[in-house]
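> One structure is given below, represented as structure tokens, and several questions about it will come after.
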Amino acid sequence: MRVYNFGAGPAMLPDVVMQQAQEELLDWNGTGMSVAEISHRSREFQDMLAEAEQDCRQVLSVPNNYHVLFLTEAARAQFSMIPLNLCRDNALTNYIVTGIWSKMAADEGVRFSDAKVIADCKDSNYTTIPDSINVDANAAFVHYTPNETINGVEFHDIPDTGDVPLVADMTSTLFSRPLDVSRFGVIYAGAQKNLGPAGLTLVIVRDDLVGHAMANTPKLYDYATHRDNDSLYNTPATFSYYVAGLTLKWLQHQGGLAAMAEVNQRKSQKLYQYIDESDFYRNPIPTHCRSWMNVPFILADDSRNAAFLEQSKAAGLAALKGHRLVGGMRASIYNAMPEAGVDALIDFMKHFATHDT
Ligand SMILES: *Cc1c(COP(=O)(O)O)cnc(C)c1O
């Protein structure tokens with residue numbers, strides 16, 4: 001039996017995508033082989049990857065002066081690749097810290113640059129975003145994390161960094177709504193939250209930012225390597241790329257990102273609304289920066305946490321345990337989480353609050 005999986009990542013994928021992958025598992029594309037068995041140099045695989053790139057460009061309206069790179073790296077490899085590729089002779093970099101992921105990016109930036117934290121929301125215990133930022137005009141880039149997956153804090157507007165390239169770790173929010181890609185120097189996202197299985201990181205980079213990597217940058221960490229090899233320099237995580245390609249087609253069939261945004265906003269709003277109305281649950285994030293994708297909440301009586309997790313699991317609602325650094329619960333409700341899953345969660349929460357105190 002399929003359950004509603006509220007895990008933060010690897011996360012739920014659309015049923016129809018998984019079904020197609022299942023149907024094609026032994027004989028992909030008339031090859032008599034699985035996509036997991038075929039050479040990444042085969043025409044079939046290369047065509048599939050080219051189509052996935054085109055679909056990604058279409059879904060996100062990526063301007064022509066941006067490269068779309070498929071990398072078989074952890075998302076956090078970008079914490080190093082960004083400064084290695086963008087710093088040139090300019091060592092000053094700017095970081096906005098709004099939670100655990102942006103902090104980790106800034107800590108890695110220190111290894112390669114004069115990384116300056118220009119805003120840090122730690123006084124709020126990472127429950128908010130900065131009111132304003134002061135960008136250094138000579139910084140090589142400003143890095144931020146539009147959606148903090150663990151803290152459940154999201155920027156709903158893109159910060160203005162003037163001419164300084166803006167770099168965004170969109171791992172847990174890319175594809176949740178339409179995006180003006182032209183506002184960014186680099187956008188990157190690990191696939192395992194909102195695109196496909198783990199093993200793939202998508203990088204969308206403005207073309208003038210490629211080809212200037214620092215001396216001694218590992219070849220694998222130079223964007224130019226991947227640009228020049230059509231994302232096939234090394235052996236990629238072929239199966240993940242294929243499933244990501246299916247998810248992009250699924251997004252198109254859903255009506256694209258405008259349609260996704262409507263559902264995602266509605267899903268998150270009804271959950272927050274119930275949490276706010278109840279005395280039993282609480283979300284600490286101010287309304288203007290609440291995440292659409294990751295909804296953390298705590299129980300008024302945290303001695304009930306274990307019972308909540310046990311009973312929700314029995315009700316077919318999986319992986320609601322919050323991150324160990326934040327505690328409580330977290331419902332990750334990415335694109336693949338149907339609205340019915342959120343309704344089922346709210347029903348369960350109501351039931352638990354009235355029957356189990
Ligand atoms: C999950 C996550 C990551 C980590 O991805 P890895 O592929 O494990 O490195 C990085 N940034 C954000 C915002 C995430 O949500």
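> In contact with a Gly (Cβ under 8 Å, 6 or more places away or on another chain), at pLDDT 95 or above, farther than 24 Å from R177 by Cα and buried (at least 17 other Cβ atoms within 10 Å of the Cβ): does that describe L309?
The answer is no for L309.
> May I ask you to list pairs of residues, at least six apart or on different chains, whose Cβ atoms are under 6 Å apart, with the first in segment 197-219 being on the phi > 0 side of the Ramachandran plot and touching a residue at least 40 places away in the same chain (Cβ under 8 Å) and the second being within 16 Å of the ligand (Cβ to nearest atom) and among the aliphatic types (A, V, I, L, M)?
From segment 197-219, the pairs are G199/A237.
Each row is one residue, and each column tells you yes or no for (1) in contact with a Gly (Cβ under 8 Å, 6 or more places away or on another chain); (2) of a type in the set (D, E, K, R); (3) closer than 16 Å to A77 by Cβ.
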{"site": "F175", "(1), (2), (3)": "no, no, no"}
{"site": "A189", "(1), (2), (3)": "no, no, yes"}
{"site": "R206", "(1), (2), (3)": "yes, yes, no"}
{"site": "A237", "(1), (2), (3)": "yes, no, yes"}
{"site": "A259", "(1), (2), (3)": "no, no, no"}
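> Kindly provide the set of residues from segment 276-302 that are outside any loop (DSSP other than H, G, I, E, B) and touching a residue at least 40 places away in the same chain (Cβ under 8 Å), ordered by number.
Selection gives Y281, H288, C289, R290, N294, V295, P296.
> Quick check on this structure: which one of I150, I204 is part of a loop (DSSP other than H, G, I, E, B), buried (at least 19 other Cβ atoms within 10 Å of the Cβ) and in contact with a Leu (Cβ under 9 Å, 6 or more places away or on another chain)? Even if it seems obvious, please write down each step before you answer.
Values: I204 fails: part of a loop (DSSP other than H, G, I, E, B).
Within the list I150, I204, the selection yields I150.
> Tell me which residues, restricted to segment 40-68, are within 28 Å of the chain's Cα centre (by Cα) and among the small types (G, A, S).
Once the filter is applied, which keeps residues that are within 28 Å of the chain's Cα centre (by Cα) and among the small types (G, A, S), segment 40-68 yields A50, A52, S61.
> List pairs: first residue in segment 170-191 and on the phi > 0 side of the Ramachandran plot, second residue more than 8 Å from the ligand (Cβ to nearest atom) and part of a loop (DSSP other than H, G, I, E, B) anywhere in the structure, Cβ distance under 7 angstrom, at least six positions apart or on different chains.
F175/L195; F175/N335
> Looking at segment 257-271, can you tell me whether even one residue there is in contact with a strand residue (DSSP E or B) (Cβ under 6 Å, 6 or more places away or on another chain) and in contact (Cβ under 8 Å) with a residue 12 or more places away in the chain?
The answer is yes, given that some residue of segment 257-271 is in contact with a strand residue (DSSP E or B) (Cβ under 6 Å, 6 or more places away or on another chain) and in contact (Cβ under 8 Å) with a residue 12 or more places away in the chain.
> Here's another thing I want to ask about it. Before we move on, is A198 surrounded by fewer than 19 Cβ atoms within 10 Å (Cβ to Cβ), touching a strand residue (DSSP E or B) at 6+ places or on another chain (Cβ under 9 Å), assigned to a loop (DSSP other than H, G, I, E, B) and not polar (S, T, N, Q)? Can you show your working first?
On the way: surrounded by fewer than 19 Cβ atoms within 10 Å (Cβ to Cβ): yes; touching a strand residue (DSSP E or B) at 6+ places or on another chain (Cβ under 9 Å): yes; assigned to a loop (DSSP other than H, G, I, E, B): yes; not polar (S, T, N, Q): yes.
Spelling it out, A198 is indeed surrounded by fewer than 19 Cβ atoms within 10 Å (Cβ to Cβ), touching a strand residue (DSSP E or B) at 6+ places or on another chain (Cβ under 9 Å), assigned to a loop (DSSP other than H, G, I, E, B) and not polar (S, T, N, Q).
> To continue, here is another question. What pairs can you find where one residue is in segment 60-78 and among the small types (G, A, S), the other is away from the ligand (no atom under 15 Å from the Cβ), and their Cβ atoms are less than 7 Å apart, with a gap of 6+ or different chains?
S61/V181
> Could I ask something else about it? So which residues in segment 8-58 are in contact with a Lys or Arg (Cβ under 8 Å, 6 or more places away or on another chain) and in a helix (DSSP H, G or I), if there are any at all?
D15, D55
> Return the pair list, or none, for Cβ contacts closer than 7 Å from residues in segment 83-105 that are at pLDDT 95 or above and small (G, A, S) to residues that are more than 16 Å from the ligand (Cβ to nearest atom) and in a loop (DSSP other than H, G, I, E, B), at least 6 apart or on different chains.
Filtered contacts from segment 83-105: no entries.
> Going residue by residue through segment 123-133, is there one that turns out to be within 16 Å of the ligand (Cβ to nearest atom), outside any loop (DSSP other than H, G, I, E, B) and modelled with pLDDT of 95 or more? Before the answer, list the steps.
First pass over segment 123-133, keeping only residues within 16 Å of the ligand (Cβ to nearest atom): 126, 129.
Next, only the ones that are outside any loop (DSSP other than H, G, I, E, B) stay: none.
No, because not a single residue in segment 123-133 is within 16 Å of the ligand (Cβ to nearest atom), outside any loop (DSSP other than H, G, I, E, B) and modelled with pLDDT of 95 or more.
> When you scan segment 210-256, how many residues do you find that are touching a Leu at 6+ places or on another chain (Cβ under 6 Å), within 17 Å of H40 (Cα to Cα) and outside any helix (DSSP H, G or I)?
So the answer is 2.
> Still on this structure, I have one more. Please name all residue pairs, on different chains or six or more residues apart, with Cβ atoms under 9 Å, provided the first residue is in segment 37-53 and is surrounded by fewer than 15 Cβ atoms within 10 Å (Cβ to Cβ) and the second residue is in a helix (DSSP H, G or I) and among the basic types (K, R).
Final answer for the pair search is E51/K249.
> Can you find, within segment 69-93, the residue that is surrounded by the fewest Cβ atoms within 10 Å (Cβ to Cβ) among those that are within 21 Å of the chain's Cα centre (by Cα) and part of a strand (DSSP E or B)?
L69
The values are calculated or read from the model by the stated rules, or taken from the named source; none is laboratory data. This one's a predicted model, so the numbers in the text were calculated from it and none came from an experiment. Positions of Cβ are generated from backbone atoms using ideal geometry, with glycine treated the same way; all protein chains shown enter the neighbour counts.
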